[in-house]
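Read through the structure below, which is laid out as structure tokens, and then see the notes.
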Amino acid sequence: MARHLITSAIPYINGIKHLGNLVGSQLPADLFARYQRARGNEVLFLCSTDEHGTPAELAAAKAGQPVADYCAEMHSIQSKIADGFRLSFDHFGRSSSPQNHALTQHFAGRLDDAGLIREVSEKQMYSHADGRFLPDRYIEGTCPNCGFEDARGDQCDNCTKQLDPTDLINPRSTISGSTDLEERETKHLFLCQSQMREKLQSWIDSKADWPILTTSIANKWLNDGDGLQDRGITRDLDWGVPVMKDGDVWPGMEGKVFYVWFDAPIEYIACSQEWEEAGKGSDWQRWWRTDKGADDVTYTQFMGKDNVPFHTLSFPATILGSGEPWKLVDYIKSFNYLNYDGGQFSTSRGRGVFMDQALEILPADYWRWWLLSHAPESSDSEFTWENFQQSVNKDLADVLGNFVSRVTKFCRSKFGEEVPAGGAYGDTETALIAELTTRIRAYEGHMTAMEVRKSAQELRAIWVAGNEYLQNAAPWSVFKTDPETAAMQIRLALNLIRLYAVLSSPFIPDAKDTLMAAMQTSDDSWPDDVPAALGVLQPGHAFTVPDVTFCKIADAEREEWQERFAGTRD
Ligand SMILES: [Zn+2]
């Protein structure tokens, strides 16, 4: 039995995510986790919320809540939505957990012992009115280059010039609007990533099976310009992991916290400790420490392409630099972006479908099927309502749903609600089984390789093969002259329903449950042997006719949703 550790990039705590975020990491990670479990492998599938940093503080202030309360509430909301989409995390943790606090401090301490931490004195803007240092993007002012009045402290959106907050004319705080700002000296810890360059390069070079997209991003950051830069791991904030070492305040770092980019990936590991402490499993180190049983673990990470640099360089620098035997990632599956109906999803303009809204209008399977079968793998992809309607109506309602409905209703009317006996396979059945065997083996290959779109295409072809068989065999005609043969055809088709439930379960888990319940079986064994899998439901086995498996989307509904989610135009 193979062992798979699977993590999805952790969503930021601030706000509800849109469908593009969902298909960029959590959903394909869930597909892979469900597939590996269905094949009988041991899986630990983890995700969390990313809770630290200024945006969380500001969102909490806006909501009039203490930041810890705000994060707890948002975590619970995101957790419920994840359940709604049937994301089968073994644990959905929190980067603000005590486990992550301790582990982040541990890593910083080990990196310091290894000589990989240095102290840097910087000048940063302090706002008297806000009583705090301001991160660059919370300072705005007039661009010295083009005169644009709302240039941010890190970049001017008008002329794209990279800026320092001190470059701005008339700088002001975006939090309070105050111009009472002062440049102050502050000290921070930096991770000496530049010293890790060769180690990281040889690790990246050893990943011959990684997609070019992933390794080229890593190599660019490693080598472009002056190469990989040292990076600050602390901030002057209240909300975060306090900068401590071995249980004491880090000298000179009083009142500071670790920078969110440093503590967030460490949460992947801390999450497994949370999982154990929540009583959901045991021996978390077996998944993460190569000296404690993690040698045979395959670790796969899922993420959007913007997260690749952190996962190929920054987090590995933390792990390799610690000098401890932690498990490194084996494979990174990254995604391009999903666009929305001719533009981008926009939170501020309410443009596009957000995860909570999606579940209000249709069950999870509809979204899962469309998103996964159109996953932005080789390039960006686009959600349109026409395409969504067509895909749901054709693939789910016409091909899969209709097959189930025709077979079960015909059987009920001619043979009753049990699997009929009699008849024997002929050439048509032999040919069908051969085609299914070829296609199922191809499906397994694509799923193992995490080729999401190809997997969906193959699964659809497997559904189509059953429909074509039914169309050609035409048991409703055969029944009039040869009821024994019609019984054999329907027996095969009923078994196909169970087979479809099993094969489709990683994509549409609710449909799997519905179909298995209708077939009154709990046998969800994988069809390693296709002929045997088509004989699981024996003559005399009772079943029920399920309610409509998938409803079609009417034109009027499509138009209504199109209108509702168009957002406010600028
Ligand atoms: Zn400018």
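Percent antiparallel among DSSP beta bridges with both residues in the chain, to the nearest 5? The partial results should precede the final answer.
Working: 31 of 55 bridges.
In the chain, DSSP labels about 55 percent of beta bridges as antiparallel.
Determine one quarter of the surface area of the Cα convex hull of segment 459-570, which equals its mean projected area, and express it in nm² to one decimal.
Here the figure is 10.2 nm², rounded to one decimal.
How big is the Kirkwood radius of segment 18-101, worked out from every pair of different alpha carbons and given in Å to one decimal? Please report the intermediate quantities before stating the final value.
On the way: mean 1/r = 0.0704 Å⁻¹.
Radius from the Kirkwood sum: 14.2 Å.
Using a 1.4 Å probe and ignoring any ligands, DNA or RNA, find the accessible area of Glu183 and quote it in Å² to the nearest 10.
90 Å²
Working with all protein chains in place, sort Ser282, Ser505 by solvent-accessible area computed with a 1.4 Å probe, largest first. Don't skip to the end; give the middle numbers.
Values: Ser282 80, Ser505 15 Å².
Highest to lowest solvent-accessible surface, that is Ser282, Ser505.
Counting residues in segment 156-208 as N, plug N into 2.2 N^0.38 Å and put the Cα Rg over that result.
Relative to the rule-of-thumb radius for its length, segment 156-208 sits at 1.93.
Where Rh is the Kirkwood radius over the Cα pairs of the chain, the temperature 25 °C and the viscosity 0.890 mPa s, what D in µm²/s does Stokes-Einstein return?
93 µm²/s
Tell me, what % of the accessible area of the chain is carbon and sulfur with a 1.4 angstrom probe?
Roughly 46 percent of what the probe reaches on the chain is carbon or sulfur.
Based on alpha-carbon centroids, what's the gap between segment 383-419 and segment 467-540 in Å, whole number please?
13 Å
Residue by residue, what Karplus-based ³J(HN,Hα) values in Hz, rounded to whole numbers, does segment 214-229 have, using 6.51, -1.76 and 1.60 with θ = phi - 60° and x for Gly and Pro?
Values per residue, Gly and Pro as x: 6, 5, 5, 5, 4, 5, 4, 5, 5, 10, 5, x, 7, x, 4, 9 Hz.
Show Lys256, Lys220, Lys80 ordered by accessible area, largest first, where the area counts protein heavy atoms only and the probe is 1.4 Å.
Ranking Lys256, Lys220, Lys80 by accessible area, largest first, yields Lys80, Lys220, Lys256.
Among the Cys residues of the chain, which have no other cysteine Cβ under 4.7 angstrom away?
Cys47, Cys71, Cys192, Cys271, Cys411, Cys551, each lacking another Cys Cβ under 4.7 Å.
Arrange the residues Thr54, Thr437, Thr166 by how much accessible surface each exposes, largest first, with a 1.4 angstrom probe.
Thr166, Thr437, Thr54
Nearest 10 degrees, 0 to 90: what angle lies between the long axis of helix 260-277 and the longest principal axis of the chain (Cα atoms)?
Tilt of helix 260-277: around 50 degrees.
Can you list the residues, at least 5 places off or on another chain, whose amide H is less than 5 Å from the amide H of Leu5, using H built in the peptide plane?
Correct list: Leu44, Thr298, Tyr299, Thr300.
To the nearest 10 square angstrom, how much accessible area does Val548 have with a 1.4 angstrom probe?
110 Å²
Accessible surface of Val43 in the full protein assembly, 1.4 angstrom probe, to the nearest 10 Å²?
20 Å²
In whole Hz, what ³J(HN,Hα) sequence does segment 387-401 give by Karplus (6.51, -1.76, 1.60; θ = phi - 60°), x for Gly and Pro?
Result, rounded to whole Hz: 5, 4, 4, 5, 5, 5, 5, 7, 5, 7, 7, 6, 7, 7, x.
Using just the alpha carbons, could you tell me how many Å³ per residue the convex hull of segment 398-542 encloses?
96 Å³
Show which lysines lie in cross-link reach of Lys480 when reach means a straight Cα distance below 22 angstrom and same-chain residues fewer than eight apart are skipped.
Partners within reach: Lys409, Lys414.
For segment 12-29, take each phi angle, set θ = phi - 60°, evaluate the Karplus expression 6.51 cos²θ - 1.76 cosθ + 1.60, and give the result in whole Hz per residue in order, putting x for glycine and proline.
5, 5, 6, x, 8, 7, 9, 5, x, 5, 4, 7, x, 7, 4, 5, x, 5
Could you tell me how many degrees, from 0 to 90 and to the nearest 10, lie between the Cα long axis of helix 483-504 and the main elongation axis, the longest principal axis, of the Cα atoms of the chain?
Tilt relative to the chain: about 10 degrees.
In µm²/s, what is D for segment 294-359 at 25 °C and 0.890 mPa s, where D = kT/(6 pi eta Rh) by Stokes-Einstein and Rh is the Kirkwood radius from Cα pairs?
Numbers: Rh = 14.8 Å.
The calculation lands on 166 µm²/s.
Show which lysines lie in cross-link reach of Lys220 when reach means a straight Cα distance below 20 angstrom and same-chain residues fewer than eight apart are skipped.
Lys199, Lys207, Lys305, Lys333
If you count only protein heavy atoms with a 1.4 Å probe, what accessible area per residue comes out for the chain, rounded to a whole Å²?
Each residue of the chain exposes 41 Å² on average to a 1.4 Å probe.
The values are calculated or read from the model by the stated rules, or taken from the named source; none is laboratory data. Just so it is clear, the structure is predicted and the values come from calculations on it, not from any experiment. No Cβ is skipped: glycine too gets one built from the backbone with ideal geometry, and neighbour counts run over all protein chains shown. Surface areas here come from the heavy atoms of the whole protein model, side chains and all, with no ligands, DNA or RNA. Shrake-Rupley method; radii C 1.70, N 1.55, O 1.52, S 1.80 Å.
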